[in-house]
Amino acid sequence: MAVLLVAAMALCFWRCETPSRGCLDIEATNFAFAADKPCEDGCCTYPNLILVFNQEFDGEVWLQDSVYVNNLGHPFIIRGTAMYFSDFQLGQQGQQYGVADTISLKTWTGSDSVTINFVDDFVLGRRIPLEYTVGTFKKSGFFDEFRCQLGLSATANTIVSSKTPSGHPLNKQNDSLWLNNTDKFVWLQIAYKKDTLSSTPTDTLRFGASDFGGQPFMISRTGNFEHQTGTDFRISMTLDYALLFKDVNLANIGQSELKAKIISALSGTFEVE
């Protein structure tokens with residue numbers, strides 16, 4: 001009797017147990033540990049590199065249109081900022097890893113348009129939001145270097161903004177992040193008031209390729225950056241405007257000199273962790 005009972009239970013188990021399908025890639029965010037067959041519809045989803053972009057003034061969260069005082073005791077107002085980041089790379093034992101996403105975009109050669117395939121890691125940083133999805137990033141482990149560019153490569157700078165997909169960072173913006181047919185995109189834009197008087201107009205600094213000598217500004221930091229398998233990889237980058245406007249007397253400086261001072265100060269204003 002006992003033998004028959006065991007046999008019946010085994011038969012039921014054999015008939016009732018159906019193979020479960022799921023994502024069997026351990027690097028995926030939806031890795032199915034209990035699955036014994038791979039899904040047939042490409043169900044795996046992969047981690048993203050997430051840029052957490054913090055903007056501060058002297059270690060405190062920067063609040064748009066608030067009055068700030070620099071180290072010279074000069075009060076001023078930063079009304080708004082916008083800046084492009086691209087070419088994100090994480091270094092691991094001498095090897096560089098970037099995002100896997102690509103996109104085909106039209107570029108302008110000066111006489112004709114040409115479609116080129118780009119790594120799609122373009123980010124347009126503003127006060128809000130704080131987090132930006134850079135793209136799919138599978139490689140896990142510990143990384144010892146982070147790199148990205150403030151600005152665009154020479155080829156990316158020729159992308160035709162009006163031909164990019166709606167919602168893409170390089171698509172036309174309401175505040176016209178476009179300089180001219182020579183410089184193309186605005187890489188960095190800062191709207192400010194040089195004092196706190198209500199009658200003082202808002203001035204806007206627009207930095208393009210020529211302001212940076214035709215080359216994007218490289219942000220490079222060493223550290224210990226960990227990406228756990230199957231999870232999004234968050235990198236926090238902080239820009240401190242107190243350092244950007246250090247030793248600047250906005251009441252007595254022209255825009256050309258101010259732009260030169262800001263570019264000179266950029267290297268010390270970013271922290272990454």
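The values are calculated or read from the model by the stated rules, or taken from the named source; none is laboratory data. Computed from a prediction, not measured in an experiment: that's the story for all the values here. All Cβ positions, even for glycine, are placed from backbone atoms using ideal geometry, and neighbour counts span all protein chains on display.
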So Ile26, is it among the β-branched types (Val, Ile, Thr), farther than 27 Å from Gly208 by Cα and either out of contact with any Asp or Glu (no Cβ under 8 Å at 6 or more places or on another chain) or not in a strand (DSSP E or B) (or both): yes
Subset of region 195-210 that is under 16 Å from Thr81 (Cβ atoms) and over 24 Å from the mean Cα position of the chain (by Cα) - its residue that is surrounded by the most Cβ atoms within 10 Å (Cβ to Cβ): Asp203
Residue that is nearest to the chain's Cα centre (by Cα), among those in region 31-42 that are in a loop (DSSP other than H, G, I, E, B) and surrounded by 14 or more Cβ atoms within 10 Å (Cβ to Cβ): Ala32
Pairs where the first residue, in region 80-101, is outside the structural domain of Arg147 (by TED's automatic domain parsing) and without any contact (Cβ under 8 Å) to a residue 40 or more places away in the chain and the second is part of a strand (DSSP E or B) and of a type outside the set (S, T, N, Q), C-beta under 6 Å, 6+ apart: none
Number of the exception - Leu130 against (1) more than 26 Å from Leu244 (Cβ to Cβ); (2) of a type in the set (A, V, I, L, M); (3) under 14 Å from the mean Cα position of the chain (by Cα): (1)
Residues satisfying the stated conditions in region 215-272, i.e. acidic (Asp, Glu) and over 16 Å from Val52 (Cβ atoms): Asp247, Glu257
Pick from region 164-222, criterion in a loop (DSSP other than H, G, I, E, B) and on the phi > 0 side of the Ramachandran plot, ranking: modelled with the lowest pLDDT: Ser176
Residue ID - modelled with the lowest pLDDT, chosen from residues in region 44-69 that are assigned to a loop (DSSP other than H, G, I, E, B) and surrounded by 15 or more Cβ atoms within 10 Å (Cβ to Cβ): Cys44
Candidate set from region 225-273 (those that are of a type in the set (Val, Ile, Thr) and in a strand (DSSP E or B)); member that is farthest from Gln93 (Cα to Cα): Thr238
Pick from region 147-163, criterion in a helix (DSSP H, G or I) and in contact (Cβ under 8 Å) with a residue 24 or more places away in the chain, ranking: surrounded by the fewest Cβ atoms within 10 Å (Cβ to Cβ): Lys163
Search result, residues across region 164-176 that are farther than 19 Å from Thr133 by Cα and loosely packed, with under 11 Cβ neighbours inside 10 Å: Asn174
Cβ-Cβ under 7 Å pairs, at least 6 apart or on other chains, region 165-181 side touching a residue at least 40 places away in the same chain (Cβ under 8 Å) and closer than 17 Å to Thr81 by Cβ, far side outside any loop (DSSP other than H, G, I, E, B) and small (Gly, Ala, Ser): Asp175/Ala82; Leu177/Ala82
In region 68-80, the residues that are under 16 Å from Asp203 (Cα atoms) and in contact with a Lys or Arg (Cβ under 9 Å, 6 or more places away or on another chain): Phe76, Ile77, Ile78, Arg79, Gly80
Sole exception among (1) touching a helix residue (DSSP H, G or I) at 6+ places or on another chain (Cβ under 9 Å); (2) under 30 Å from Ser176 (Cα atoms) for Asn71, by number: (2)
